[in-house]
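Right, one structure below, let's go through it.
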Amino acid sequence: MTRRIVTEATDTCRRQLELEIPGTEVEKTTERVARDLARVARVPGFRPGKAPISLIRRRFAEEIKGEVLEKLLPEHLEKAVTEQKLSIVTRPQVDQVDWTEGGGVKFRAWFEVLPEFDLGDYKDLTIELPSMDIAETDVGRALEQLRERAATYAPIEGRPAKDGDFAVLNVLGMPADGGAPIRSENVLVHIGGDETVEGFTQNLRGAQPGEEKRFDVAYPAEMPDPRLKGKTVSYTVNVMELKEKKLPALDDAFAKDVSKSSSLEELRAHLREQMEKARDRRREELIKEKILGLLLSRHNFPVPEALVEQQMDTRLRNMVRALVAQGTDPRGVNVDWAALRARQRAPAVDDVKGEILLDRIATAEKIEVAEEDLEKELARAAEHSGESAQALRARLTKEGTLDTMRSKLRGEKVLEWLHRTARIESAAK
């Protein structure tokens, strides 16, 4: 058999395999297929199984040819791939099939393979981390956030509105382009607040309860709300109430109200503990990110386009799921999904490169995922999906994604191993 590998370009993972099946094998298979067909074919003038093979081959030539190709092409392609030790990641596409009557069959298959490259230095990496100490000021900010959430709003009487006050409004907005009216009732607006549109602040200073204000607001083009983006809206605003925020005193009573702590000091200690745990989790994530980034900077190789496309789709699906989890219908979001997907290309390439690198290191260091590790991950995932671990395993096996879970676990084990061998240094302030 003639075999020839063609590399389309050194910077891609696309390969072509040109094969030729000898005529003797083609003829032998054709004869066998024809005889099998003769046993069941109905040919006028002949009882089933009694028609001459020569007649069967002429009458059912196309059917026989199709079945011969279905038998021989995958078989020879698989042998050639195994002999060439190619790691195919896409289903081979076959074309340029040339069947010479009475002779052999030539054809071409093209596909993508995992890249071949030499592993560079990946041991004893040096990772620089920023300072992640928890200061008293950080704990203080967390306490202030708790105070903000526990704040109450008291009515203001006897004076007009000023910066820092909160106005309760009934709002009617009419877009200048004739779009749908904007209606809101009992909206709490912070006068002079960073989050408040300047047009509202300017027109609400000095306002009194019961007043009606009319004014226009021109919104910038970068406004995230598509109803307001780049539009001018004419507002009619009725001031229902004025209120001022009252923050609770920072004392033991406050600590008991907002937590299970018995004192302010105990609440401080609890907040610090939570912040330190979050810091430690973030530190672990950052170390792994930096390890992976360092590995990527030391290895330059092409990646299969098919895997990049899959990763781009995965990233986009994760964004959609995040919107749904927040209660947002993705269909109602003013987003150019095609452009958003295209912007995922660079990080998707790094994702695929990272997976390939970690897999190569796992093989080099003989790092594997034990069945016990897989069972624990299945149990953890089952808690979130509402299935039993057994049902989840069966579903993932049927979908062909159980190996994906195993591969991710293997990658995590490699990162943990690299972390243990890495030298962690603090960045200079």
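The values are calculated or read from the model by the stated rules, or taken from the named source; none is laboratory data. Because the structure is predicted, anything quoted here is derived from the model rather than measured. Backbone-built Cβ (ideal geometry, glycine too); neighbour counts: all protein chains shown.
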*Restricting attention to helices (runs of 4 or more DSSP H) lying wholly within segment 260-349, give those where 1 or more residues are touching a helix residue (DSSP H, G or I) at 6+ places or on another chain (Cβ under 6 Å) and among the aromatic types (Phe, Trp, Tyr).*
none
*Going by the structure shown, is Lys290 closer than 19 Å to Gly411 by Cα and without any contact (Cβ under 8 Å) to a residue 24 or more places away in the chain?*
no
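Counting only residues that are β-branched (Val, Ile, Thr), give me the helices (runs of 4 or more DSSP H) lying completely in segment 49-158 with at least 3 of them. Even if it seems obvious, please write down each step before you answer.
Values: elements: 53-59, 61-84, 136-149.
Once the helices (runs of 4 or more DSSP H) in segment 49-158 are filtered for at least 3 residues that are β-branched (Val, Ile, Thr), what remains is 61-84.
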*Out of the residues in segment 176-197 that are of a type in the set (D, E, K, R) and part of a strand (DSSP E or B), which is surrounded by the fewest Cβ atoms within 10 Å (Cβ to Cβ)?*
Arg183
*May I ask you to list pairs of residues, at least six apart or on different chains, whose Cβ atoms are under 6 Å apart, with the first in segment 63-92 being farther than 24 Å from Pro304 by Cβ and the second being not polar (S, T, N, Q)?*
Ile64/Val33; Ile64/Ala34; Glu67/Val33; Val68/Val33; Leu72/Ile21
*Hits in segment 130-157 (condition: aliphatic (A, V, I, L, M) and in contact with a helix residue (DSSP H, G or I) (Cβ under 9 Å, 6 or more places away or on another chain))*: Met132, Ile134, Val139, Ala142, Leu143, Leu146, Ala150
*Within segment 87-96, identify whether any single residue is of a type in the set (A, V, I, L, M, F, W, C) and within 30 Å of His419 (Cβ to Cβ), and answer yes or no.*
yes
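Condition check ((1) surrounded by 14 or more Cβ atoms within 10 Å (Cβ to Cβ); (2) of a type in the set (D, E, K, R); (3) farther than 22 Å from Ala422 by Cα; (4) assigned by TED's automatic domain parsing to the domain that holds Met174) across all residues:
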{"position": "Glu212", "(1), (2), (3), (4)": "no, yes, yes, yes"}
{"position": "Asp216", "(1), (2), (3), (4)": "no, yes, yes, yes"}
{"position": "Tyr219", "(1), (2), (3), (4)": "yes, no, yes, yes"}
{"position": "Arg227", "(1), (2), (3), (4)": "yes, yes, yes, yes"}
{"position": "Lys231", "(1), (2), (3), (4)": "yes, yes, yes, yes"}
{"position": "Lys277", "(1), (2), (3), (4)": "no, yes, no, no"}
{"position": "Ile287", "(1), (2), (3), (4)": "yes, no, no, no"}
{"position": "Leu294", "(1), (2), (3), (4)": "yes, no, no, no"}
*Looking at (1) part of a loop (DSSP other than H, G, I, E, B); (2) in the same structural domain as Ala207 (by TED's automatic domain parsing); (3) touching a Leu at 6+ places or on another chain (Cβ under 8 Å); (4) not hydrophobic (A, V, I, L, M, F, W, C), can you tell me which one Lys162 breaks?*
(3)
_Looking only at segment 1-48, how many residues end up being of a type in the set (Val, Ile, Thr) and either in a strand (DSSP E or B) or at pLDDT below 80 (or both)?_
8
*Identify all residues within segment 119-175 that are surrounded by fewer than 16 Cβ atoms within 10 Å (Cβ to Cβ) and aromatic (Phe, Trp, Tyr); write none if there are none.*
Tyr153
_helices (runs of 4 or more DSSP H) within segment 363-423 that include 1 or more residues touching a helix residue (DSSP H, G or I) at 6+ places or on another chain (Cβ under 8 Å) and of a type in the set (Val, Ile, Thr)_ = 402-421
_Considering only segment 198-206, I want to know if a residue exists there that is polar (S, T, N, Q), modelled with pLDDT of 90 or more, surrounded by 16 or more Cβ atoms within 10 Å (Cβ to Cβ) and in contact with a helix residue (DSSP H, G or I) (Cβ under 6 Å, 6 or more places away or on another chain)._
no
*asked:* Taking the conditions exactly as written (part of a helix (DSSP H, G or I), touching a strand residue (DSSP E or B) at 6+ places or on another chain (Cβ under 6 Å) and either on the phi < 0 side of the Ramachandran plot or exposed (fewer than 14 other Cβ atoms within 10 Å of the Cβ) (or both)), does Lys256 satisfy them or not?
replied: no
_List the residue pairs whose Cβ atoms are under 8 Å apart, where the first residue sits in segment 122-151 and is on the phi > 0 side of the Ramachandran plot, the second is in a loop (DSSP other than H, G, I, E, B) and surrounded by 12 or more Cβ atoms within 10 Å (Cβ to Cβ), and the two are 6 or more positions apart or on different chains._
Asp124/Ala422
*Of these, Asp329, Asp351, which one is among the acidic types (Asp, Glu) and in contact (Cβ under 8 Å) with a residue 24 or more places away in the chain?*
Asp351
*Scanning for something within 27 Å of Glu116 (Cα to Cα), of a type in the set (Lys, Arg) and surrounded by 16 or more Cβ atoms within 10 Å (Cβ to Cβ), does segment 401-410 turn up at least one residue?*
yes
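Taking into account only those residues within segment 334-360 that are charged (D, E, K, R) and closer than 30 Å to Glu222 by Cβ, which is surrounded by the most Cβ atoms within 10 Å (Cβ to Cβ)?
Going through the qualifying residues, I end up with Asp351.
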_Leu418 modelled with pLDDT of 85 or more, among the hydrophobic types (A, V, I, L, M, F, W, C) and more than 29 Å from Leu286 (Cβ to Cβ)_ = no
